[in-house]
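Engineer: So that we are looking at the same thing, I have put the structure below in structure tokens.
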Amino acid sequence: MMSSSEQRREAGGEGEGSSSTTAITLAQSDDHHHHHHLSPPPQLSRYESQKRRDWNTFGQYLKNHKPPVPLPQCNYNHVLDFLRYLDQFGKTKVHLNGCVFFGQVEQVGPCTCPLKQAWGSLDALIGRLRAAYEENGGLQETNPFANSAIRIHLREVRDSQAKARGIPYKKKKKKRKIQINSSNNNEVNSS
């Protein structure tokens, strides 16, 4: 099924001369918030689609909250509650401290430890929601997804999941190209 913007695009024609005019008209007539490009892509990227789904899911979570929370009154505590709520849908086995598999890389038998959201999934989700918040009119200064409490929570989840699986988390080191270039310059200057 075609969206109304796709139908208008087809009705306006896709010829070389008319496509940019059509795109500008679409960008102005659609109810999208301020985009920085003139012609919207015909189809959302996978990232943009996921970001929109995540944003809608979070909005629904706030509406279903007891009592419902209007978006402008949302704070980092609501975000933390949302992350904990999502754990019930997780698929990553996280061994508890008393479990015989705690700290083991391989699980060789069954256990009753809970399934949770993987740290990487939560980290990516927060990145998308952080961007979506500002794209939907939220101020960067008040972005609950950018609050330090969220970063601390994600770090704790990452560390506890790594410890439970016996896999230490190592931050990837950045390559230092500057030193290579400066040593080459020294060799050239010394000759």
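Engineer: Given (1) more than 17 Å from the chain's Cα centre (by Cα); (2) closer than 23 Å to TYR47 by Cα, identify the lone condition not met by ALA132.
Structural biologist: (1)
Engineer: Based on this model, can you work out whether LEU96 counts as loosely packed, with under 14 Cβ neighbours inside 10 Å, at pLDDT below 95 and touching a strand residue (DSSP E or B) at 6+ places or on another chain (Cβ under 8 Å)?
Structural biologist: No: the conditions fail for LEU96.
Engineer: Further question: Which of the residues belonging to the range 117-150 are out of contact with any helix residue (DSSP H, G or I) (no Cβ under 7 Å at 6 or more places or on another chain), exposed (fewer than 14 other Cβ atoms within 10 Å of the Cβ) and assigned to a helix (DSSP H, G or I)?
Structural biologist: GLY120, GLU141, THR142, SER148
Engineer: Also: Would you check if PHE101 is touching a Leu at 6+ places or on another chain (Cβ under 8 Å) and surrounded by 13 or more Cβ atoms within 10 Å (Cβ to Cβ)?
Structural biologist: Judged against the criteria, PHE101 is not a match.
Engineer: Among (1) at negative phi; (2) out of contact with any Pro (no Cβ under 8 Å at 6 or more places or on another chain), which single condition is CYS74 missing?
Structural biologist: (2)
Engineer: Here is a check on your reading of the model: is ALA118 aliphatic (A, V, I, L, M) and within 12 Å of the chain's Cα centre (by Cα)?
Structural biologist: No: the conditions fail for ALA118.
Every residue, every condition in (1) under 22 Å from GLN140 (Cβ atoms); (2) modelled with pLDDT under 90; (3) part of a helix (DSSP H, G or I), yes or no:
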site: ALA27; (1), (2), (3): no, yes, yes
site: LEU38; (1), (2), (3): no, yes, no
site: PRO42; (1), (2), (3): no, yes, no
site: LYS63; (1), (2), (3): no, no, yes
site: LYS66; (1), (2), (3): no, no, no
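Engineer: Filter the range 52-69 down to residues that are surrounded by 14 or more Cβ atoms within 10 Å (Cβ to Cβ) and among the charged types (D, E, K, R) and give me whichever is nearest to ALA124 (Cα to Cα).
Structural biologist: Result: ASP54.
Engineer: Out of (1) modelled with pLDDT of 95 or more; (2) closer than 26 Å to ASP159 by Cα, what's the single condition that is false for PHE89?
Structural biologist: (1)
Engineer: Can you find a residue that is touching a strand residue (DSSP E or B) at 6+ places or on another chain (Cβ under 9 Å), under 20 Å from ARG151 (Cα atoms) and surrounded by 14 or more Cβ atoms within 10 Å (Cβ to Cβ) anywhere in the range 82-89?
Structural biologist: yes
Engineer: On to the next question. Every residue in the range 118-134 that is under 26 Å from ASN97 (Cα atoms) and touching a residue at least 40 places away in the same chain (Cβ under 8 Å), please.
Structural biologist: ALA118, TRP119
Engineer: Going residue by residue through the range 11-24, is there one that turns out to be modelled with pLDDT of 50 or more, among the charged types (D, E, K, R) and not in a strand (DSSP E or B)?
Structural biologist: Within the range 11-24 (the criterion being modelled with pLDDT of 50 or more, among the charged types (D, E, K, R) and not in a strand (DSSP E or B)), the answer is no, since none of the residues qualifies.
The values are calculated or read from the model by the stated rules, or taken from the named source; none is laboratory data. Quick caveat, the model's predicted, so the values are computed rather than measured. Heads up, the Cβs are rebuilt from the backbone with ideal geometry, glycines too, and the neighbour counts pull from every protein chain shown.
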